1. Sort ASP103, ASP108 by Cβ crowding within 10 Å, fewest neighbours at the top.
2. Find the all-direction average of the projected area of the Cα convex hull for segment 1-85, expressing the result in square nanometres with one decimal place.
3. Report, in debye and to the nearest 20, how large the dipole of segment 8-102 comes out about its Cα centre when Lys and Arg carry +1 and Asp and Glu carry -1 on their Cβ.
4. Grab the alpha carbons of segment 206-245, take their convex hull, and tell me the volume per residue in Å³.
5. If the viscosity is 1.306 mPa s and the temperature 10 °C, what translational diffusion coefficient in µm²/s does Stokes-Einstein give for the chain when Rh comes from Kirkwood over Cα pairs?
6. Multiply the residue gap between GLN121 and ASP7 by 0.36 nm, knock off their C-alpha separation, and tell me the result in nm, one decimal place.
7. Just rank GLU172, GLU29, GLU54, fewest to most, by other beta-carbon atoms within 10 angstrom.
8. How long is segment 101-192 along each principal axis, judged by its Cα atoms, biggest number first, in Å?
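None of the figures in this text is laboratory data; all of them are computed from the coordinates on show. Just so we're clear, the structure is a prediction, and the values are computed from it rather than from any experiment. Positions of Cβ are generated from backbone atoms using ideal geometry, with glycine treated the same way; all protein chains shown enter the neighbour counts.
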Amino acid sequence: MEIFIHDTPQAATRAAARTIAGLLGRKPEAVLGLATGDTMLALYDELVGLHRDEGLDFSRVTTFNLDEYVGLPPEHPDSYHSFMRERLFDRVNIRPQAVHIPDGQAADLSQVCVDYEEAIQEAGGIDLQLLGIGRNGHIGFNEPSSSLASRTRVTPLARQTLKDNRCHFHEEPMPSSAITMGIGTILQARQCLLLAFGSAKAKAVARAAEGPVTTMVPASALQFHPDCRFLLDPAAASKLKNQAYYASQQSDS
Ligand code: GLP
């Protein structure tokens with residue numbers, strides 16, 4: 001795991017966008033694993049800017065989103081389908097058929113999960129997986145106690161997540177479960193980039209990066225990933241014990 005502490009969220013976001021642009025330069029047909037949440041908003045704006053100003057090409061890219069709420073139709077304004085359309089897909093030249101987000105409204109949700117795993121395999125696996133982190137250490141919607149080998153499945157949302165995400169919902173009640181890629185699914189991506197900003201994420205970041213690997217902190221499973229970077233701002237990094245070491249690694253690179 002490599003920890004990069006940037007001066008600002010903007011600098012960390014630009015670094016993430018450069019990493020994605022570099023991948024698409026080397027491999028225009030790359031498979032991207034995408035995430036939602038406020039942390040990703042500036043990153044998607046940055047990618048849209050690179051598309052508009054520098055011709056960053058998404059025409060051969062395939063994407064798989066981490067998760068979707070159960071019960072929301074894709075056109076629902078609070079769905080992750082809508083989030084992705086508004087924030088990225090409608091603003092770049094990606095092919096609609098190359099976009100994959102779990103269907104949280106399907107009659108047979110278990111089949112959706114099996115099909116999702118198969119589609120990832122058929123696409124050749126995920127080259128780069130973007131991740132945020134929940135205040136409880138979740139990645140995707142893998143809540144504390146999720147198996148570290150879990151695959152795409154339906155899962156109930158934790159109380160903390162319901163509390164944190166309620167502000168994004170225009171209607172009550174918000175969904176209480178979601179389809180999420182599993183931790184095992186995420187660990188199979190060739191590269192993982194986790195972005196976290198602000199002091200509200202500091203405890204989760206420290207537990208994920210420096211704590212023991214445990215199902216109670218799902219992001220701690222990333223310690224097993226051979227190519228995982230955490231891109232942080234100083235506030236999100238503030239509870240890390242090893243900050244001086246991470247800074248020395250950065251100055252060497
Ligand atoms: C949701 C998503 C996660 C995301 C998290 C953090 O719960 N399912 O994938 O990491 O939100 O969101 P934010 O970036 O808004 O803090």
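1. On the way: ASP103 20, ASP108 10.
Least to most surrounded, the residues fall as ASP108, ASP103.
2. Working: hull surface 27.2 nm².
Average projection, Cα convex hull of segment 1-85: 6.8 nm².
3. Details: 10 positive and 13 negative charges, 87 e Å.
The dipole of segment 8-102 has a size of about 420 debye.
4. Values: hull volume 3.1 nm³, N = 40.
In segment 206-245, the Cα hull volume divided by residue count equals 77 Å³.
5. Numbers: Rh = 18.2 Å.
In µm²/s, the coefficient rounds to 87.
6. Working: separation 114, 0.36 × 114 = 41.04 nm, distance 3.73 nm.
That pair, GLN121 and ASP7, stretches by 37.3 nm at full extension.
7. Working: GLU172 6, GLU29 13, GLU54 9.
With the fewest neighbours first, GLU172, GLU29, GLU54 line up as GLU172, GLU54, GLU29.
8. 39, 30, 22
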